[in-house]
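The structure appears below as structure tokens.
The values are calculated or read from the model by the stated rules, or taken from the named source; none is laboratory data. Note that the coordinates shown come from a computational prediction; the quantities given were computed from them, not determined experimentally. Neighbour counts are summed over all protein chains in view; Cβ atoms, including those assigned to glycine, are modelled from backbone coordinates with ideal geometry. When the accessible area is computed, the model is the full protein with side chains, heavy atoms only, and any ligands, DNA or RNA have been set aside. Shrake-Rupley method; radii C 1.70, N 1.55, O 1.52, S 1.80 Å.
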Amino acid sequence: MSDLWHASVRHVDGDAVELLCAAVHPDAGSPSATKPFVLRLLADAAPVWPGAEELVGGIDLNGVDPYGTDVEPARRARLVLVRVAVSDGRNVPFDEAAARRRIEDGLRERGLSPDDAAGWNAAFGAEWGELWQDPDRVPSWVLHVRFADPAALAGLRPGLAWDSAAYG
């Protein structure tokens, strides 16, 4: 599955963590204020945060229902997370067509032409990829998460960052 999000820890305080969640793919949409989504997002932090595996508790997070009703991810999320809130949306709503036009206009200013399909497509692909790696130009939000047990946040510290394919 392709990554949809880049998450980074902004603040940790007692039983709460603040995450910056930036889209890295146009299919990301908006982050969900649901506990299963946040559990999936945090599970993908395992490469940088060993506590992620314990938080998940060994369950399969890719259950049948991505919205978390009556499946194991929802049950686990209710156990470990108390509250989830989303705030501070930036670059929202994201106008994908306008972003494409800005890139195309920039390519034309550089002297490229759509008539040179190979050169145009390569240059557009590079610019489009750069756009999705620039947190100042893509949609982003702040997730505020309270945990049931403050000990679950052990090792989670500001500056940790990871990519995620979280959905739901």
Next item on the list: Test each condition in (1) within 23 Å of ARG137 (Cα to Cα); (2) open to solvent by 50 Å² or more (accessible area, probe 1.4 Å) for GLU18 and report the one that comes out false.
Entry: (2)
Checklist line | SER87 among the hydroxyl-bearing types (Ser, Thr, Tyr), in a strand (DSSP E or B) and loosely packed, with under 12 Cβ neighbours inside 10 Å | finding: yes
Item checked: Any chance ALA77 is open to solvent by less than 50 Å² (accessible area, probe 1.4 Å), part of a helix (DSSP H, G or I) and touching a Gly at 6+ places or on another chain (Cβ under 9 Å) -> yes
Next item on the list: Could you tell me which numbered condition SER8 fails, if it satisfies all but one of (1) within 10 Å of the chain's Cα centre (by Cα); (2) part of a loop (DSSP other than H, G, I, E, B)?
Entry: (2)
Check: Which one is modelled with the lowest pLDDT, of the residues in the stretch 136-168 that are within 22 Å of ARG100 (Cβ to Cβ) and open to solvent by 70 Å² or more (accessible area, probe 1.4 Å)?
Finding: ASP136
Margin query: I'd like the full set of residues that are part of a helix (DSSP H, G or I), exposed (fewer than 15 other Cβ atoms within 10 Å of the Cβ) and in contact with a Ser or Thr (Cβ under 9 Å, 6 or more places away or on another chain), limited to the stretch 90-134.
Written below: GLY119
Notebook entry, point to check: Do you know which residues across the stretch 83-117 are among the hydrophobic types (A, V, I, L, M, F, W, C) and free of Cβ contacts under 8 Å to residues at least 24 places away in the same chain?
Noted result: ALA97, ALA98, LEU107, LEU112, ALA117
Note to self: Which count do you get for residues in the stretch 13-54 that are in a loop (DSSP other than H, G, I, E, B), within 14 Å of the chain's Cα centre (by Cα) and not hydroxyl-bearing (Ser, Thr, Tyr)?
What the structure shows: 7
Check: Here are some residues: SER2, SER8. Which one is open to solvent by 50 Å² or more (accessible area, probe 1.4 Å), among the small types (Gly, Ala, Ser) and in contact (Cβ under 8 Å) with a residue 24 or more places away in the chain?
Finding: SER2
